[in-house]
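The values are calculated or read from the model by the stated rules, or taken from the named source; none is laboratory data. Keep in mind it's a predicted model, so treat the numbers as computed, not measured. Ideal geometry is used to build each Cβ from the backbone, glycine not excepted, and the neighbour counts take in all protein chains shown. These accessible areas exclude ligands, DNA and RNA; they are computed on the full protein's heavy atoms, side chains included. Shrake-Rupley method; radii C 1.70, N 1.55, O 1.52, S 1.80 Å.
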Amino acid sequence: MEIRTLRYFLAVAREENMTRAAELLHVTQPTLSKALRALEEELGKKLFTRQSFSIRLTDEGVLLRNRAEDLVTMADRIEREFVSLDDITGGDLYLGLAESWQIGLLARQIRRLRERFPDLRYHITSGDTEQVAEKLDKGLLDFAVLAETPDPRKYEALAFPEADRWGLVFPAGDPLARKDAIRAEDLIGLPLFCSGQGWEKDIPLWAGEQMAKLRLEGSFRLSYNASLFAREGLGYLLTFDRLVDTSPGSGMVFRPLTPALETKLYLVWKRYQTFSPIAERFLEQLRISFSPAGEKREEGRGNKE
């Protein structure tokens, strides 16, 4: 099975039309058809159902599309990494990011790295721990940011300087806004929004025996989307501080949980991972920045900026 053939397959899967795919690939339609027939014969499965004016993937075709996308992405990345080995001005950096206000610290370091290496190209994937860890495990990322303690058997890790504080986001006119902090018993009977990861791992640690009395109305991977539902009065959002605009005039408020619940953030990478030159420079820069001495320098720079 060749990468070129997988590129052909993915083009047809996207376009759902053999003629358009052939034009995009700059090959003849007979060449494309022959390559796909050979792929089906090699796998022993039918990948497409051909109709009058379109092509649809079979269940086997959907499975191959998912695997082929990862394989082609990896092949492209390998090519770029070898090209960048002699590139002293840049390279490609791949990151998978959880949601946190501290992602701004990474953005600042990428900006500073780009000042040193102007040809730096960065590729960002956002998602929860499960999503970004899966891509890291497949070798599609250099680093992932996880909002949970990483498995030391699989990953090396660098802790972020601070922890993320949990709280409740809801409309400012709600009676709960009169409270300075939210207890678990305040949430009994209320429709709640939370990430699946937070509901399963973090909130039970805080709520204790009250957890059985709490009701999850809906789960969201992105806090911003959940906040739109909370704004409409459909529920109350359990999330990290500083992810949703709760400034005066926003119509929304944030109240911290009590007792306080915090989650540490970690930059992780696979054990025994071989980095590209630009990834090594990025990690070196982060180690310095996240050290106690580096934090003081960052504060000084931040005041100047």
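Overview of values
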quantity	calculated
Number of positions in region 149-168 that are surrounded by fewer than 19 Cβ atoms within 10 Å (Cβ to Cβ), in contact with a Ser or Thr (Cβ under 9 Å, 6 or more places away or on another chain) and charged (D, E, K, R)	1
Pairs with Cβ under 9 Å, 6+ apart, first in region 32-44 and farther than 18 Å from ILE3 by Cβ, second surrounded by 15 or more Cβ atoms within 10 Å (Cβ to Cβ)	SER33/MET18; SER33/ALA22
Check on THR263, open to solvent by less than 20 Å² (accessible area, probe 1.4 Å) and in contact with a strand residue (DSSP E or B) (Cβ under 8 Å, 6 or more places away or on another chain)	yes
Hits in region 169-187 - residues which are in contact (Cβ under 8 Å) with a residue 24 or more places away in the chain, closer than 19 Å to MET252 by Cα, in a helix (DSSP H, G or I) and open to solvent by 10 Å² or more (accessible area, probe 1.4 Å)	LEU176, ALA177
Verdict on TRP206 being surrounded by 13 or more Cβ atoms within 10 Å (Cβ to Cβ), under 23 Å from the mean Cα position of the chain (by Cα) and either closer than 30 Å to THR73 by Cα or not acidic (Asp, Glu) (or both)	no
Flag for SER195 being touching a residue at least 12 places away in the same chain (Cβ under 8 Å), open to solvent by 20 Å² or more (accessible area, probe 1.4 Å) and more than 22 Å from PRO256 (Cβ to Cβ)	no
Residue match in region 218-229 (condition: part of a loop (DSSP other than H, G, I, E, B), open to solvent by less than 60 Å² (accessible area, probe 1.4 Å), within 30 Å of ALA157 (Cβ to Cβ) and at pLDDT 95 or above)	no
